Amino acid sequence: MTPPGESAPGTPVTADTPLSELTTMRVGGRAREILTATTSDDLVRIASELWARGEDWLLLAGGSNTVVADEGFDGPVLLVRNEGIERLPDPAPGQVRLRVQAGQDWDQLVGLCVDQGWAGIEALSGIPGCAGAAPVQNIGAYGQELSSSLHAVTFLDEDTGEVTRIPAAELGLGYRTSVFKRGRGGVVLSIDLTLSESGAVPSPLSAPVGYAQLADALGVRIGDRVSIKELRRTVLRLRASKGMVLDPEDRDSTSAGSFFTNPIVPEAFARTLPADAPRWSVTPVSDPVSVTPLAELDAGEPMRRVTPQEGPRLVKLSAAWLIERSGIARGYRIPGSRAAISAKHTLAITNQGGATAAEVGQLARFVVQRVQADFGVLLHPEPNLVGIEL
């Protein structure tokens, strides 16, 4: 069977292909036009032409983080299909540098690195999608984030029309965010990774385990290193138990992954929540934050900006805990709807078969409203919503 979000092998993608066949949520109507880029040069050429047209267009790769309305998209869609993994000169002993094309399947990349004994992204096993999307939201799981291994991206800048190499340190990477999510326009063409190599040992080791649930599953302590292959197997098993590995036999995996990000709030606000509400300290990103009260803006005061160090201390809350405590259980669905909360994980909204984008949006709005009413926390969607309002 064909996994969700993938066309059957050999099936051509045409302008008549509904976007439901190109996204893992399996909803969405047709686009006005579909263009496919199989090389970086294609990406540069087609994207530049689309910018010159001056109309809205949609960039789509693995489709695992995009939910499209039933009406489809009234514009061109650019499919990112450039693939390839190149080993560059090693930057230092024990380190490996890779250049990965934007359309490369992410989990295939992780599998290759694990087979080679290259550590740094193994806890990101099983995440659907393509490499070019990884830095956009700084993908992370089980105590590991892309930012720890990302060296640079090759980027087509919308403002200048030039291809440039941007060091990871200049990307403003934070929890599910980057300069790309905060407004820098363009297209990621490839990413460069720096990984560690254990050397000629019988069982190459992972990076230090950084997440309690993963450490428990492996029977080790946080900070320990284990067989990199065993860590990948364990992560895949944990993700599958939550419906977070694409599986045509598992309706709970027909989703866009976690539908909501864990909210980040001031520590003072977090203290107003029940004592058992999970929370974690957050290292803020380097971008300044606007803090001028609306009343001052109305009075003509200029916008003030502060650095994160000057702002309130922030903590990250558990969106899953908030959803469950607001009375929305695993498997919940609005009567008559074919969209449901995953039976395995309350962060995922799933298509249980024949769901529409409208049904997905209806359930998402219900979750947002319940959590806001009960806790005063506004949940934000993690996937890119096209034509869907929450």
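The values are calculated or read from the model by the stated rules, or taken from the named source; none is laboratory data. Since the model is a prediction, treat every value here as computed from it, not as a measurement. For neighbour counting, all protein chains shown are included, and Cβ atoms are generated from backbone atoms with ideal geometry for every residue, glycine included.
Select from segment 152-186 the residues that are under 30 Å from Ile222 (Cα atoms), free of Cβ contacts under 8 Å to residues at least 60 places away in the same chain and surrounded by fewer than 21 Cβ atoms within 10 Å (Cβ to Cβ) and list them in ascending order. Matches in segment 152-186: Pro167, Ala169, Glu170. Taking segment 222-314 and the helices (runs of 4 or more DSSP H) fully enclosed by it, the elements with 3 or more residues that are of a type outside the set (Val, Ile, Thr) and modelled with pLDDT of 90 or more are at 228-241, 267-270.
If you go through segment 243-258 and pick out every residue that is closer than 22 Å to Leu214 by Cα and buried (at least 19 other Cβ atoms within 10 Å of the Cβ), you end up with 8.
When residues in segment 325-369 are screened for being of a type in the set (Ser, Thr, Tyr), part of a loop (DSSP other than H, G, I, E, B) and under 14 Å from Phe260 (Cα atoms), 2 of them pass.
Taken together, the residues in segment 1-48 that are in a loop (DSSP other than H, G, I, E, B) and either at pLDDT 95 or above or surrounded by 13 or more Cβ atoms within 10 Å (Cβ to Cβ) (or both) amount to 18. Each residue in segment 94-144 was checked for being assigned to a loop (DSSP other than H, G, I, E, B), under 21 Å from Val187 (Cβ atoms) and in contact (Cβ under 8 Å) with a residue 60 or more places away in the chain, and 6 pass. Yes or no: segment 331-342 includes at least one residue that is farther than 18 Å from Ser64 by Cα, touching a strand residue (DSSP E or B) at 6+ places or on another chain (Cβ under 7 Å), at pLDDT 95 or above and aromatic (Phe, Trp, Tyr). The answer is yes; a qualifying residue exists.
Within segment 24-56, the residues that satisfy the criterion of being touching a helix residue (DSSP H, G or I) at 6+ places or on another chain (Cβ under 6 Å) and more than 30 Å from Asp252 (Cα to Cα) are Leu35, Ala37.
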